[in-house]
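The next block holds one structure in the form of structure tokens; read it before the comments.
The values are calculated or read from the model by the stated rules, or taken from the named source; none is laboratory data. Because the structure is predicted, anything quoted here is derived from the model rather than measured. Because the Cβ atoms are built from the backbone with ideal geometry, glycine has one as well, and the counts that use them run over all protein chains shown. Each accessible area value is taken on the protein alone, full model and side chains, heavy atoms only, with ligands, DNA and RNA left out. Shrake-Rupley method; radii C 1.70, N 1.55, O 1.52, S 1.80 Å.
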Amino acid sequence: MDKLLIRGGRTLQGEVLVSGAKNAALPELCAALLTADPVTLLNVPQLQDVSTMLKLIRNMGVTAERADDGTVRIDASALNTPEAPYELVKTMRASVLALGPLLARFGEATVSLPGGCAIGSRPVDQHIKGLAAMGAEIVVEHGYMIAKLPAGWTRLKGARITTDMVTVTGTENFLMAAALAEGETVLENAAQEPEISDLAEMLIAMGAKIEGHGTSRIRIQGVDQLHGCTHRVVADRIEAGTFLCAVAATGGDVMLRHGRADHLDAVIEKLREAGATVQAVEGGIRVQSAGGATLKAQGFRTTEYPGFPTDMQAQFMTLNCIAQGTATVTETIFENRFMHVNELVRLGAKIQTDGKVAVIEGVPRLSGATVMATDLRASASLVIAGLVADGETVVDRIYHLDRGYDCMESKLRGIGADIERVKA
Ligand code: EPZ
């Protein structure tokens, strides 16, 4: 397994290119299954999860060509196997996003249950509830969700869907299924993440009739057919937020090209309250900081968008580890998203956890050590810790990082970090 070798203490200066959003590209690759016309996606990030999703749709008979510049051309005209097999789904939960499009286009789908992952059980019961409300008959057998339309039905029927909690990929599955359903679908407590709006914009470019995306109520009028489109994937707000926290912690002055400050209000507000300077500038976001030790620790609670994103919890916690004062962090979305805590403590952090709450007492410095990545965003928090720790930090199992960050170590090296990948 590859490792990252980091020597801490450098400040970061210069410019970083923010890639396309993982959590927009994944549903948008599935949205291409909704039409037999060619679909072109631009600015698709080079990530392990994207490679897995390409393997998944190719496995269904879809052709998908990825160019080095991030352009992916998809042709789902020959889609012949509406199946998402376990060996692919178990490595990436987002495979559940094939369920809605396959049902909408084909009237049937066999998708493996994703199984839990490091950060929690992550059930898909709400996906099943919403699609069933649209008429789908879904049984769970041998670890698979087997979905089909009732006898005599040629398409799903629009419905009013209120899920028990806000679900990002649930909202995305419903959007894609409803686009081709008969009649109107109303999502009452829809997720409002920018990736949802980006998917909706792509579906509208394909001929879907959608309004209200970006709010908690989305209305979709089903159409008979969708056509191809060319869509540019929105910039990754979590990658941008990760770099904001890195520069705030190490100190420096960096421009995040293509970063969308308007997608990061909650995080930017906390960084400003801590004492960093963060500005929306032409073409991106500029962040300046005198280093974590000069900043004031900030407590926060993770909540659904537009609140503080759970995907930024681990990275901001690292900043709190070296900032002044004590901060309380509450993780309200996932039940087990503090696995980075033990690894940060190995680096000298002072953190106490009790269930969903972590209390972080800032320390003057961290000291480099070997630590182990456990999940995607935990890995990012450990990289940031390595950038500020005294001496050398080795982050092991960075396949977790590669799932969701496009060449992170070369982007960090490009702004002055002393970091290199050690091939297994
Ligand atoms: C999406 O996951 C993101 N993944 C996650 O990003 C992100 O952390 C999460 O949304 C929350 O923002 C993608 O978009 C591919 P949810 P998702 O459904 O859709 C519970 C990353 O680091 N729930 O919004 O799976 C669930 O257990 C990843 O990039 C049910 O109980 O999250 C959780 O507690 C990690 N039943 C809460 O709802 C369901 O059927 C929110 O989950 C669905 C969800």
Checklist entry - Quick one: which of Lys55/Lys411; Lys129/Lys270; Lys90/Lys270; Lys22/Lys350; Lys3/Lys350 span more than 28 angstrom between C-alpha atoms? => result Lys129/Lys270; Lys90/Lys270; Lys22/Lys350
Checklist outcome for this item: Note on the stretch 315-382: C-alpha Rg/Rh, Kirkwood Rh, two decimals, gives 0.93
Item to check | Values of log10 I(q)/I(0), in the order q = 0.30 Å⁻¹, for the stretch 191-251 under a Debye, Cα-only, solvent-free model | outcome: -1.19
Checklist outcome for this item: In Å, the Kirkwood estimate of hydrodynamic radius for the stretch 301-424 over Cα pairs equals 14.7 Å
Checklist outcome for this item: Its Cα gyration tensor gives the chain an equivalent ellipsoid whose semi-axes in whole Å, largest first, are 38, 21, 20
Next on the checklist: Students often forget the sequence filter, so: which aspartates and glutamates lie under 13 Å Cα-Cα from Lys209 once same-chain residues fewer than 8 apart are removed?
Outcome noted: Glu182, Glu184, Glu201, Asp224
Checklist entry - Per-residue accessible area for Asp396 at 1.4 Å probe radius, Å² rounded to 10? => result 40 Å²
Item to check | Helix-only mean residue ellipticity at 222 nm for the chain, each DSSP H run of n ≥ 4 adding -39500 (n - 2.57), per residue, nearest 500 | outcome: -9000 deg cm²/dmol
Checklist outcome for this item: Percent antiparallel among DSSP beta bridges confined to the stretch 267-415, rounded to 5, stands at 65 percent
Checklist entry - What base-10 log of the normalised intensity I(q)/I(0) is obtained for the stretch 233-279 from the Debye formula, alpha carbons as equal point scatterers, at q = 0.14, 0.33 Å⁻¹? => result -0.29, -1.51
Checklist entry - Under unit Cβ charges (Lys, Arg +1; Asp, Glu -1), what dipole magnitude, rounded to 20 debye, does the chain have relative to its Cα centre? => result 480 debye
Checklist outcome for this item: Inverse of <1/r> over all distinct C-alpha pairs of the stretch 52-200, i.e. the Kirkwood Rh in Å, gives 15.8 Å
Item to check | Whole-angstrom Cα spans of the stretch 120-197 along principal axes, big to small | outcome: 37, 33, 19
Checklist entry - What percent does the relative contact order of the stretch 1-150 come to when contacts are Cα pairs within less than 8 Å and at least six residues apart? => result 18 percent
Item to check | Inter-label distance, nm, simple model (7 Å from Cα along the C-beta direction), Lys209/His227 | outcome: 1.7 nm
Checklist outcome for this item: accessible surface per residue for the chain, probe 1.4 Å, DNA/RNA/ligands not counted, whole Å² -> 37 Å²
Checklist entry - What is the Cα radius of gyration of the stretch 5-140 over 2.2 N^0.38 Å, N being its residue count? => result 1.20
Next on the checklist: Quick check: at a probe of 1.4 Å, how many percent of the accessible area of the stretch 285-422 sits on carbon and sulfur atoms?
Outcome noted: 48 percent
